[in-house]
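Q: One structure follows; several queries about it will come next.
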Amino acid sequence: MNLKQYIIIALACLGGLALGGCSDDYNMVGAGIQPDGDFITIFSDTFQIKASTIKIDSIYAKTTESLLGEIYDPLYGHLKADYLCQFYCEEGFKFKQTPNDGKIDSMSLYIYYKYTGDPQASLQLNVYPANKPLDKIYYSNVNPEEYADMQNLLASAVHTPLSGDTTETTGEYLLQVRLPVELGQKIYEETINNPSSFANQDAFNQFFPGIYVTTGYGSGCILEIQQTGMSIAYDYMLKSSSGALDSVVTTYEHFIATKEIIQLNRMDSYNDEQLLTENDDYTYLKTPAGIYTRLVVPTKDIKEIADGRMYNSLYLNLKYMPQEEWMYSLAPSPQLLLIPEDSLDVFFKENYTENNINSYLSVNSPSYTPTTTTSGYNTTTRTYYFNNIINMISYHIQKNPDEDLRLLVIPIYREATSNSYYSTTTYYTTSISNYFQPSGVKLRKDEESMKVVLQSSKYANK
């Protein structure tokens, strides 16, 4: 059968501005790929998304990293953070050596960190013992006083971010705080007198539930905690080759907060009411404060205008404003997640990743596929690109045809891996979590920025 190609272009507005839709029809006969008599009409309809800023009461914060300190931003308000943590204990733990005279020399808390804010800001660090094992409640509105003995201060120190020792390979800083030697002595004697306390992690948690690390006075900086640990130092006698005890050696036992144990993060955002006040120009994102942007896609109008058609594409791009010009202003979060609002709780708790059906990640160009190191925004165009979200639109219209689609824009941190086969490399997301570093960004919500175009098609006479 011979192929024929004709192109007929007709422009028509449908629906009017009240419905937020405008349609351009491109009637194509054959288009070089269809048999005689197959007519396809392609439609281009414009819709207006509504945007607003919301704040949730807490975020899911299951992580081995945390924040410590307090900062203030003239636009984004205050953020204060601290944390409780347990320590990993290997089964059957015991000291590698026997301390001289059964005595511990010293015990320290050590924290590896990076920082956001003023490096010269002074922070008073306070450490309290937990008085009961931590529950697996990983939300950021945890009340530390339900777990910590606030009448028993284990340690206190004044610290500035740049006063910590630096680690050249990672760019991290090291903060060390002396803990009571009596605590180290208690742990050693427990290994001798009651080794069952170290039989497994649960037994150790009952014996030593963990610590609460917070700040007293001081603000202007947030420490981004990479790792928390405790070390117990002691001396022992080293035997010579003949078996005689001839020298004194110092060694250490370490307990580290790892992903196998519980860490609870408390994050408190306040003086941020101006972010939540409705305006015509911007919505906001602030982390880790649970301040997100809500988008309402007019899927009821889409269904009405494009009823009976095949949905082909709808691209969503979010424009953001430059970083504020004052000192230590918050930077944009590196990547965003787009999900239906009613999926928020289960997405992070169940460790879901993007599927390009009802969850999408931002990328830095209109046709970019995320790699292991993808930045989720373009600094030249100041845009977060989400590419084609038509699967999400179609799925929602099928399941909830009488409700507009409500989406949340959420700053996230993505971990990924790659797999190479011959000359092709495929990248896989291994986990997505809430973004825990301090960040803030203004998203444009003017009419032009919130405009989206639906491309759809229909066979003639069908």
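The values are calculated or read from the model by the stated rules, or taken from the named source; none is laboratory data. For clarity, every value in this text was computed on a predicted model and none was experimentally measured. Neighbour counts run over all protein chains shown; Cβ positions are idealised from the backbone, glycine included. Areas reflect the complete protein model, heavy atoms only, side chains present, ligands, DNA and RNA absent. Shrake-Rupley method; radii C 1.70, N 1.55, O 1.52, S 1.80 Å.
Q: Among the residues that make up segment 303-323, is at least one of them closer than 25 Å to D281 by Cβ, open to solvent by less than 20 Å² (accessible area, probe 1.4 Å) and of a type in the set (G, A, S)?
A: Within segment 303-323, the subset closer than 25 Å to D281 by Cβ is 314-323.
Adding the requirement that they be open to solvent by less than 20 Å² (accessible area, probe 1.4 Å) leaves 314, 316, 318, 320.
From what is left, the residues that are of a type in the set (G, A, S) are none.
No; the residues of segment 303-323 include none that is closer than 25 Å to D281 by Cβ, open to solvent by less than 20 Å² (accessible area, probe 1.4 Å) and of a type in the set (G, A, S).
Q: Only strands (runs of 3 or more DSSP E) wholly contained in segment 357-436 count here; list those with 3 or more residues that are over 22 Å from V296 (Cβ atoms) and over 18 Å from the mean Cα position of the chain (by Cα).
A: Values: elements: 383-388, 405-421, 424-434.
Once the strands (runs of 3 or more DSSP E) in segment 357-436 are filtered for at least 3 residues that are over 22 Å from V296 (Cβ atoms) and over 18 Å from the mean Cα position of the chain (by Cα), what remains is 405-421, 424-434.
Q: Mind checking which residues of segment 366-398 are polar (S, T, N, Q) and either surrounded by 14 or more Cβ atoms within 10 Å (Cβ to Cβ) or closer than 19 Å to L408 by Cβ (or both)?
A: First, pick out the residues of segment 366-398 that are polar (S, T, N, Q): 367, 369, 371-375, 378-381, 383, 387-388, 391, 394, 398.
Answer for segment 366-398, where residues must be polar (S, T, N, Q) and either surrounded by 14 or more Cβ atoms within 10 Å (Cβ to Cβ) or closer than 19 Å to L408 by Cβ (or both): T372, T374, S375, N378, T381, T383, N387, N388, N391, S394.
Q: Working only within segment 59-81, note down all residues that are outside any strand (DSSP E or B) and surrounded by 16 or more Cβ atoms within 10 Å (Cβ to Cβ). Explain how you work it out, then say what you get.
A: Pass one, segment 59-81, residues outside any strand (DSSP E or B): 59, 61-65, 74-76.
Answer for segment 59-81, where residues must be outside any strand (DSSP E or B) and surrounded by 16 or more Cβ atoms within 10 Å (Cβ to Cβ): I59, A61, K62, T63, T64, E65, Y76.
Q: If the requirement is being part of a loop (DSSP other than H, G, I, E, B), surrounded by fewer than 17 Cβ atoms within 10 Å (Cβ to Cβ), touching a residue at least 24 places away in the same chain (Cβ under 8 Å) and aliphatic (A, V, I, L, M), which of these qualifies: L162, L153? Full working, then the answer.
A: Working: L162 fails: part of a loop (DSSP other than H, G, I, E, B).
On inspection, the qualifying residue turns out to be L153.
Q: Out of curiosity, is N419 touching a helix residue (DSSP H, G or I) at 6+ places or on another chain (Cβ under 9 Å), free of Cβ contacts under 8 Å to residues at least 40 places away in the same chain and not hydroxyl-bearing (S, T, Y)?
A: Details: touching a helix residue (DSSP H, G or I) at 6+ places or on another chain (Cβ under 9 Å): no; free of Cβ contacts under 8 Å to residues at least 40 places away in the same chain: yes; not hydroxyl-bearing (S, T, Y): yes.
It is false that N419 is touching a helix residue (DSSP H, G or I) at 6+ places or on another chain (Cβ under 9 Å), free of Cβ contacts under 8 Å to residues at least 40 places away in the same chain and not hydroxyl-bearing (S, T, Y).
Residue-by-condition table, conditions (1) open to solvent by 10 Å² or more (accessible area, probe 1.4 Å); (2) over 20 Å from L175 (Cβ atoms); (3) without any contact (Cβ under 8 Å) to a residue 40 or more places away in the chain; (4) not in a strand (DSSP E or B):
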site: N205; (1), (2), (3), (4): yes, yes, no, yes
site: V213; (1), (2), (3), (4): no, no, no, no
site: Y217; (1), (2), (3), (4): yes, no, no, yes
site: H254; (1), (2), (3), (4): yes, no, yes, no
site: E260; (1), (2), (3), (4): yes, yes, no, yes
site: Q274; (1), (2), (3), (4): yes, yes, no, yes
site: E278; (1), (2), (3), (4): yes, yes, no, yes
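Q: For segment 82-134, enumerate the residues that are of a type in the set (F, W, Y), part of a strand (DSSP E or B) and either open to solvent by 20 Å² or more (accessible area, probe 1.4 Å) or within 22 Å of N200 (Cα to Cα) (or both).
A: Across segment 82-134, the qualifying residues are Y110, Y112, Y115, Y128.
Q: Checking the conditions here, which among G20, G15, G32 is modelled with pLDDT under 80, under 30 Å from S456 (Cα atoms) and open to solvent by 40 Å² or more (accessible area, probe 1.4 Å)?
A: Working: G20 fails: open to solvent by 40 Å² or more (accessible area, probe 1.4 Å); G32 fails: open to solvent by 40 Å² or more (accessible area, probe 1.4 Å).
Going through G20, G15, G32 in turn, just one is modelled with pLDDT under 80, under 30 Å from S456 (Cα atoms) and open to solvent by 40 Å² or more (accessible area, probe 1.4 Å): G15.
Q: Among the numbered criteria (1) at positive phi; (2) open to solvent by 70 Å² or more (accessible area, probe 1.4 Å), which one does G290 miss?
A: Tallying (1) at positive phi; (2) open to solvent by 70 Å² or more (accessible area, probe 1.4 Å), G290 fails exactly one: (2).
Q: May I ask you to say which residue of E448, E415 is surrounded by fewer than 14 Cβ atoms within 10 Å (Cβ to Cβ), acidic (D, E) and more than 27 Å from M321 (Cβ to Cβ)? Can you show your working first?
A: Details: E448 fails: more than 27 Å from M321 (Cβ to Cβ).
Of the residues listed, the single one that is surrounded by fewer than 14 Cβ atoms within 10 Å (Cβ to Cβ), acidic (D, E) and more than 27 Å from M321 (Cβ to Cβ) is E415.
Q: While we're looking at this one, here's another question. Could you figure out which of (1) on the phi > 0 side of the Ramachandran plot; (2) open to solvent by 10 Å² or more (accessible area, probe 1.4 Å); (3) touching a Lys or Arg at 6+ places or on another chain (Cβ under 9 Å); (4) not hydrophobic (A, V, I, L, M, F, W, C) isn't true of D268?
A: (1)
Q: Same structure again: Out of everything in segment 135-163 that is of a type in the set (V, I, T) and more than 30 Å from Q206 (Cβ to Cβ), what residue ends up being nearest to the chain's Cα centre (by Cα)? It would help to see each step written out before you state the result.
A: Quick first cut of segment 135-163, residues of a type in the set (V, I, T) only: 137, 142, 158, 160.
Checking which are more than 30 Å from Q206 (Cβ to Cβ) leaves us with 158, 160.
Numbers: V158: 29, T160: 26 Å.
Filtering segment 135-163 for residues that are of a type in the set (V, I, T) and more than 30 Å from Q206 (Cβ to Cβ), the one nearest to the chain's Cα centre (by Cα) comes out as T160.
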